[in-house]
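Here's the structure we're looking at; comments come further down.
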Amino acid sequence: MSEPNMPCPLVIPVMTISAAARFFQMLGKQTHDAALGLIDRIDYRVIQQRPERSMSSFLPTLKQLQYLVALKEHGHFGRAADSSFVTQSTLSAGIRELESLIGVILVERTRRIVRFTALGDRIVEKAYRVLREAEELAALAQASGKPLAGELRMGVIPTIAPFLLPRLLPRLRAEQPELKLYLREETSQAAIDSLRHGHVDCVLMALPFATGEVDHVHLFDDRLFVAFPRNEPRDPPAFILPQTIDESRLLLLEDGHCLKDHALAACNRPELRAEAQMMGTSLHTLVQMVDNGLGLTLLPEMAITGGILEHTNITARPLQSPHAYREIALVWRRSSPREKEFRMLADILQKLRQDKPVAA
């Protein structure tokens, strides 16, 4: 049977049968009827649906995730853009593209407040993990080459940084000249958060502390000393017992510093668990307070051997207690491919300890 005569050749685009019927209906009833007869005889194998977009078409870019994380951390479009080294309009457009891509609103925008939606908060946590995994992928390739070369980001807590870094940095420059070390000084909890979010590769900190799922190398024990004005008492004992400490004169670091918890644990006295009368923001502040007769405090050995008591009228004696020390450790994520490098760095830190005389 021959095909019906048609006024002109027709090219049928790739479309569904129902869409094709509607197309022919627009051409008039006669053509429409002929078209339906033609469609009935079409081999359905040649009619294809428009191919679906691949999953990769819906995947956000790392840059978009970086913008989202920056906005979460800074809570302000301008500051987030500055930290990302882009204009505010670029960052805002990137986040809008991300929202359009995944089909959900992540951020509620007002003139004064940036508020993440509940789903936005969950996606930010995923974004942190994706960015961290991407960085570890790059680190894996780097680690396959020469160890302790290239960039290494290390967090350090404030009660360690001033006393260990002046000796560590010159040695690293001499022994590992290809290492580019970036330092970030933070309190213990902030440092662990930075490690979890991938802002740093490892953390030099004091234990015990709630670190979560990490690996670490024990470097050395850092003994705690009681520091008091030189003229009181006149004949200080060789060791200080916790029960002889006058809690009304005890000066401690403010909350957020793990050394405060270590000091209280070392004293092992319930009455010392209460807030100290005065607190300092740093060990150097505590030393100045003690030097001016405001009380006494506990100092780690590395601070004393690091010269914190030089040019002061302060005497220090070791605390006599089973827990009179803190554990200095290098901590990193279990998923990190740079364990070999971290252990090499730990060896260097342990040698530094061996080279320095113990405080008397």
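The values are calculated or read from the model by the stated rules, or taken from the named source; none is laboratory data. All values reported here derive from a predicted model rather than from experimental measurement. Reconstructed Cβ throughout: ideal geometry from the backbone, glycine too, with neighbour counts over all protein chains shown.
A few remarks follow.
- Top-ranked residue of region 246-259 - restricted to ones that are surrounded by fewer than 20 Cβ atoms within 10 Å (Cβ to Cβ) and not in a helix (DSSP H, G or I), ranked as nearest to the chain's Cα centre (by Cα): Gly256
- Listed conditions (1) in contact (Cβ under 8 Å) with a residue 60 or more places away in the chain; (2) within 19 Å of Val331 (Cβ to Cβ); (3) out of contact with any Lys or Arg (no Cβ under 9 Å at 6 or more places or on another chain) are all met by Pro162, apart from (2).
- Restricting the first member to region 229-243 and to residues that are at pLDDT 85 or above, and the second to residues that are not in a strand (DSSP E or B), the beta-carbon pairs closer than 6 Å and six or more apart or on different chains are Pro229/Gly293; Arg230/Asn313; Phe239/Gln320; Leu241/Gln320; Pro242/Cys267; Pro242/Asn268; Pro242/Arg269; Pro242/Ser321.
- The requirement of being part of a loop (DSSP other than H, G, I, E, B), at pLDDT 50 or above and more than 22 Å from Gly198 (Cβ to Cβ) is fulfilled nowhere in region 29-49; no residue meets it.
- So Pro177, is it in contact (Cβ under 8 Å) with a residue 60 or more places away in the chain and not charged (D, E, K, R): no
- Leading residue by the ranking (modelled with the lowest pLDDT) among those in region 264-280 that are hydrophobic (A, V, I, L, M, F, W, C) and touching a Pro at 6+ places or on another chain (Cβ under 9 Å): Leu272
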